[in-house]
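The values are calculated or read from the model by the stated rules, or taken from the named source; none is laboratory data. No experiment lies behind these values; they were computed from the predicted model shown. Cβ sites come from the backbone with ideal geometry, for glycine too, and all protein chains shown count toward neighbours. Remember, those area values only see protein heavy atoms, side chains included, never the ligands or the DNA or RNA. Shrake-Rupley method; radii C 1.70, N 1.55, O 1.52, S 1.80 Å.
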Amino acid sequence: MTDAHQSFLDLLHAQRVWDVELPGFDPAAAPPAPLPLFHSWFAEAVAAGQVEPHTMSLATADDEGHPDVRTLMLHDADERGWHFATHRTSAKGRQLAARPYAALGFYWPAQGRQVRVRGPVTACAPAESLADLHARSTGALASALTGSQSEVLGSREELARTADAAWERARAEPDAEVASWTRYVVEAREVEFFQGDAGRRHVRLRYRRPDAARNDAAWTRELLWP
């Protein structure tokens, strides 16, 4: 083992997990559907000072069925599902077109909590996708106008020129359209809530319903071993 690797391991093993007082979670008192609990946990994460609680991991599969994951922002969570947006021409957009199923992961270490969501993905209509884009900041519109997401970049200078032009257009045309911008909804079939415990007696509550179920169908609730 090299000195550099040993230094890394020493640093890695020195890190603490949940070195804060963690909240309790009684799964017996959980609501019959996952959405109200998600809304509640999100609000509690914000109140606890969790940095960027609206960020999440999105996992998809590539052409060979291999997993791919990245971090992006949640745009909504309602009775339809968990919403996010991206270019349909991006790597994740192409993957979702070929395999419209995804998993989301939220991690809120300020409270030792995770939420996992799995289900089929539906692309929203162009009008809803455009409204999603225009509801966001000028910077978000400029980023969308820059385009070419996930494609090979020739140089940083090329990015700077394109981004500068996109910012100028975003300021001048706040209603500019980006044809590839698409809002997606993960229609949850499984939602798991994980509450960490300092004694490693973690609480895991999973909500589950069949793939063919209607969105108003009842959820099955079950505890999982940590």
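Pairs linking a residue in region 60-73 that is surrounded by 14 or more Cβ atoms within 10 Å (Cβ to Cβ) to a residue that is of a type in the set (A, V, I, L, M) and not in a strand (DSSP E or B), with Cβ atoms under 7 Å and 6 or more positions apart or on different chains, are 60/96. Pairing residues of region 11-30 that are among the charged types (D, E, K, R) with residues that are open to solvent by 50 Å² or more (accessible area, probe 1.4 Å), at Cβ distances under 9 Å and at least 6 apart in sequence or on separate chains, gives 21/198.
Inspect region 103-118 for any residue being touching a residue at least 40 places away in the same chain (Cβ under 8 Å) and farther than 30 Å from residue 34 by Cβ and give the result as yes or no. Checked against the condition, which is being touching a residue at least 40 places away in the same chain (Cβ under 8 Å) and farther than 30 Å from residue 34 by Cβ, region 103-118 yields no hits at all. Of the listed requirements (1) in contact with a helix residue (DSSP H, G or I) (Cβ under 9 Å, 6 or more places away or on another chain); (2) open to solvent by less than 70 Å² (accessible area, probe 1.4 Å); (3) at pLDDT below 90, residue 113 misses just one: (3). Go through the residues of region 41-56 one by one and say whether even a single one is under 13 Å from residue 104 (Cα atoms) and hydroxyl-bearing (Ser, Thr, Tyr). So far as region 41-56 goes, yes, one or more of its residues are under 13 Å from residue 104 (Cα atoms) and hydroxyl-bearing (Ser, Thr, Tyr). Entry remark, region 177-193: residues being in a strand (DSSP E or B) and either touching a helix residue (DSSP H, G or I) at 6+ places or on another chain (Cβ under 6 Å) or open to solvent by less than 30 Å² (accessible area, probe 1.4 Å) (or both) number 9 in total. Residue count for region 32-59 satisfying the condition of being open to solvent by 20 Å² or more (accessible area, probe 1.4 Å) and touching a helix residue (DSSP H, G or I) at 6+ places or on another chain (Cβ under 6 Å): 0.
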